[in-house]
Amino acid sequence: MLATTPGVYAVYDDFELVMQHFCYADKLTLTTQKQDFTQTIYPTDQGGGNFYGKTPVTATSVSTSVAGCTKTYALEIYDNVNKVWVDYNSQAAGIKAASYPYIQNYVAATAVFDILFTSDLGPAWDGKTVSLRIKTTDSYSGDAAGTIYD
């Protein structure tokens, strides 16, 4: 290529620079997978005296492959009617209270919560089942393993 100044010449070489976040290659691994459990919701005591209270669901244990990368957590609930997973975090407070009254003391930062199974839920919940999962994501990861479910 010729420069605009007579007698001065320059050579150019075009190149492309791709910059990535340092967590782009991060992969998440479940350290300990939660076990599925069935918890039946009864409208009244079934005689054993142990059908009242809450069952705590603790934090999902996840490790990262790149030190210093952050993780976000979301509780997802399976919608049997529409056949999709619904993000509990994104629901309005009124929808949460009306649609998911069995979830109590939810902490968005860790997706820790309690499952309520008292008579307060009422007879409409008698014997119902729900499917829940915890989604853990490194939002900077470009790897498929940057999101896992427990």
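Couple of notes before you dig in:
- Identification of strands (runs of 3 or more DSSP E) wholly contained in the range 1-119 with 2 or more residues that are touching a strand residue (DSSP E or B) at 6+ places or on another chain (Cβ under 9 Å), within 16 Å of Ser131 (Cβ to Cβ) and modelled with pLDDT of 70 or more yields 54-57, 72-79, 84-87, 112-116.
- Odd one out for Ala144, checked against (1) surrounded by fewer than 14 Cβ atoms within 10 Å (Cβ to Cβ); (2) of a type outside the set (Phe, Trp, Tyr); (3) under 17 Å from Lys34 (Cα atoms): (3)
- In the set Thr129, Thr110, only one residue is hydroxyl-bearing (Ser, Thr, Tyr) and within 19 Å of Thr32 (Cα to Cα); that residue is Thr110.
- Taken as a whole, the range 125-141 holds no residue that is among the hydrophobic types (A, V, I, L, M, F, W, C) and free of Cβ contacts under 8 Å to residues at least 40 places away in the same chain.
The values are calculated or read from the model by the stated rules, or taken from the named source; none is laboratory data. This one's a predicted model, so the numbers in the text were calculated from it and none came from an experiment. Note that each Cβ is placed from the backbone with ideal geometry, even for glycine, and that neighbours are counted across all protein chains shown.
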